[in-house]
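The values are calculated or read from the model by the stated rules, or taken from the named source; none is laboratory data. The model shown is predicted, which means the values in this text are computed figures rather than measured ones. Because the Cβ atoms are built from the backbone with ideal geometry, glycine has one as well, and the counts that use them run over all protein chains shown.
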Amino acid sequence: MLHARDGKFIDNGVEGGDDGEDGYDKATEEFIKVITYAASQDNIPFMSIKVTGIVRFSLLEKLDASMHNSEGTLMNRYNQIVQSLNKEEKEEWERAVKRMLQICTVANEKKIGVLVDAEESWIQDPVDALTLSMMDTFNKTKAVVYNTIQLYRHDRLSFLKDCFKAATKRNFILGAKLVRGAYMDKERKRAASMGYPSPIQPDKNSTDRDYDEAVSFSIDNLGTLATIVATHNEESNLLATQLLDSNKLAHDHPHIHFSQLYGMSDNITFNLAKEGFSVSKYLPFGPIKDVVPYLMRRAQENSSVSGQTGRELGLIKKELKRRKG
Ligand SMILES: Cc1cc2nc3c(=O)[nH]c(=O)nc-3n(C[C@H](O)[C@H](O)[C@H](O)COP(=O)(O)OP(=O)(O)OC[C@H]3O[C@@H](n4cnc5c(N)ncnc54)[C@H](O)[C@@H]3O)c2cc1C
């Protein structure tokens, strides 16, 4: 069983790398080293990867745009668009798929879960399709690969349900890490400047409603679905624990896991661990230049989302006062 005090999953913070094919190969080796390290510890159940660390961002962008302009299910559109790439781009994409396969193969052998991060909506379709195809290969009897669902997007609750249908039909376990989403301002600005409807929910309440519905849908389907409740939101964490109890599901059910970012919401992490839930901290690492964009988003989030940060500061002040006696 995992203990919050030292349970972590590690994220090689490399994103949107611009080092070309050699850089993507090196990143793949790095991901594999991380998996090997995680497997040598008894408290690191997952590692996390960004597809922009192993393939050119602009190729993902091109695939996404073409997928948007074609009809059919996600996987049909994906297969059709990959076939229509020119020879060079097709080979480039095949190298990316091979890297992903290498990473998932080692993770599967070493029993470490692979969490594929969600990034900007304008590259997400090929990331989703690639991740689902990995689940189809590796998640037949246990959840190895997880996709990330950003519930600040108004289309993601139905996307989660569609993925679940596809998983049931093809007989694999759907791995779904549930987050609210970290690129809100960037998404809204791009949509406004390019004149398309924003993919983001109209307000925070709508994001919260869909997030909690996704938690509830996932817990209702824990047999064929494995979920990670990745949030600092106290209400959503509480809801998940209440639903597990009302459905008489074990706190350490192998298909449910909780996670918070390292350095945030230890009050939630420790209380979940104390009640026997499987919980970890998400620990990004990497060269400063690669991790800075990630840290900048957290800083922005902490200044724009006063709720959780305010609560955390309040708790720290209270504890300081208690220690001073
Ligand atoms: C373990 C872990 C892994 C993560 N992985 C990813 C990832 O792969 N991809 C990713 O994008 N993010 C990821 N995140 C970050 C996550 O998406 C959130 O940005 C962060 O957790 C804050 O949301 P919350 O649920 O914790 O808290 P809350 O404070 O309840 O929610 C804040 C979030 O609500 C949403 N929101 C705020 N205001 C509004 C508004 N006006 N309208 C609509 N929505 C609004 C935004 O998404 C904002 O970040 C991860 C977080 C964790 C804990």
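Taking the numbered list (1) among the small types (Gly, Ala, Ser); (2) within 12 Å of the ligand (Cβ to nearest atom); (3) surrounded by 17 or more Cβ atoms within 10 Å (Cβ to Cβ) in turn, SER218 passes all entries but (2). From the list PRO202, PRO254, the lone residue that is of a type outside the set (Ser, Thr, Tyr), surrounded by fewer than 16 Cβ atoms within 10 Å (Cβ to Cβ), assigned to a loop (DSSP other than H, G, I, E, B) and within 12 Å of the ligand (Cβ to nearest atom) is PRO202.
Take LYS289 and decide whether it is of a type in the set (Lys, Arg) and either at pLDDT below 95 or crowded, with 18+ Cβ neighbours inside 10 Å (or both). Yes; evaluated as a whole, the condition is true for this residue. Taking first residues from the range 168-193 that are over 19 Å from ASN233 (Cβ atoms) and partners that are surrounded by fewer than 21 Cβ atoms within 10 Å (Cβ to Cβ) and among the basic types (Lys, Arg), the Cβ contacts under 6 Å between residues at least 6 apart in sequence or on separate chains come to PHE172/LYS140.
Would you check if LEU244 is more than 12 Å from the ligand (Cβ to nearest atom) and at pLDDT 75 or above? Here the answer is yes, as LEU244 does meet what is asked. The helices (runs of 4 or more DSSP H) located wholly in the range 52-163 that include 1 or more residues which are at pLDDT 95 or above and acidic (Asp, Glu) occupy 57-68, 87-110, 124-138.
Just to be sure, is GLY175 within 15 Å of the ligand (Cβ to nearest atom) and either exposed (fewer than 15 other Cβ atoms within 10 Å of the Cβ) or part of a strand (DSSP E or B) (or both)?
Details: within 15 Å of the ligand (Cβ to nearest atom): yes; either exposed (fewer than 15 other Cβ atoms within 10 Å of the Cβ) or part of a strand (DSSP E or B) (or both): yes.
The answer is yes for GLY175.
Does LYS161 satisfy the condition of being away from the ligand (no atom under 11 Å from the Cβ), closer than 23 Å to THR73 by Cα and surrounded by fewer than 17 Cβ atoms within 10 Å (Cβ to Cβ)? Yes, satisfied. Among the conditions (1) modelled with pLDDT of 75 or more; (2) part of a helix (DSSP H, G or I); (3) surrounded by 13 or more Cβ atoms within 10 Å (Cβ to Cβ), the only one that LEU283 does not satisfy is (2).
So, in the range 205-214, of the ones that are within 11 Å of the ligand (Cβ to nearest atom) and not charged (D, E, K, R), which residue ends up nearest to ALA250 (Cα to Cα)? Show your work before the answer.
Of all residues in the range 205-214, those within 11 Å of the ligand (Cβ to nearest atom) come to 205-212.
Adding the requirement that they be not charged (D, E, K, R) leaves 205-207, 211.
On the way: ASN205: 30, SER206: 30, THR207: 28, TYR211: 22 Å.
Per the criteria, the residue is TYR211.
Scanning the range 30-47 for residues that are over 20 Å from the mean Cα position of the chain (by Cα) and acidic (Asp, Glu) yields one hit, ASP42.
Which one of these is touching a residue at least 12 places away in the same chain (Cβ under 8 Å), in contact with a helix residue (DSSP H, G or I) (Cβ under 7 Å, 6 or more places away or on another chain) and among the β-branched types (Val, Ile, Thr): THR207, THR227? Break it down stepwise before answering.
Numbers: THR207 fails: in contact with a helix residue (DSSP H, G or I) (Cβ under 7 Å, 6 or more places away or on another chain).
The conditions single out THR227.
Residues in the range 257-280 that are part of a helix (DSSP H, G or I) and within 12 Å of the ligand (Cβ to nearest atom): how many?
So the first thing to find is which residues in the range 257-280 are part of a helix (DSSP H, G or I), and the list is 266-274.
Now drop any that are not within 12 Å of the ligand (Cβ to nearest atom), which leaves 268-269.
Result for the range 257-280: 2.
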